[in-house]
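I have placed the structure first, in the form of structure tokens, so that the comments after it can refer back to it.
Laboratory data are not the source of any read-out in this text; all were calculated from the coordinates shown. The shown structure was predicted, so the numbers you read here are calculated from the model rather than taken from an experiment. Every residue, glycine among them, receives a Cβ derived from its backbone with ideal geometry; neighbour counts consider all protein chains shown.
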Amino acid sequence: MTTSPDSWTAEHFSQSLPAGPGQDDVPAPLRHVADTLESYGQLDVQDLVLHGHHEITEHGAWPSVTVYFRRPLIKLVAPAPDSE
């Protein structure tokens with residue numbers, strides 16, 4: 001008998017600096033991602049990908065960061081039966 005692999009779903013977001021002068025500052029989007037992760041609260045980060053030269057504009061490289069994450073599972077508890 002074979003078993004199915006476990007499956008899971010991850011959410012994601014990407015961030016970069018606004019296009020224009022200074023868009024090639026690599027530490028800045030990393031700081032923005034850190035701030036965003038802190039604002040979300042408890043997350044299970046699955047992967048973090050830095051795209052260093054993913055896109056090039058007239059202002060140079062335009063790095064971005066993509067974060068793949070899962071929110072913690074919430075255990076639902078059945079309400080206690082009424083005691084009458």
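Points worth noting:
- Filtered residue count, region 39-84, keeping only those that are in contact with a Ser or Thr (Cβ under 9 Å, 6 or more places away or on another chain) and assigned to a strand (DSSP E or B): 10
- Flag if Q15 is free of Cβ contacts under 8 Å to residues at least 60 places away in the same chain, in a loop (DSSP other than H, G, I, E, B), touching a Pro at 6+ places or on another chain (Cβ under 7 Å) and not aromatic (F, W, Y): no
- Annotation note: of V65, V49, V33, the sole residue that is closer than 19 Å to Q15 by Cα, in contact with a helix residue (DSSP H, G or I) (Cβ under 9 Å, 6 or more places away or on another chain), surrounded by 10 or more Cβ atoms within 10 Å (Cβ to Cβ) and among the β-branched types (V, I, T) is V65.
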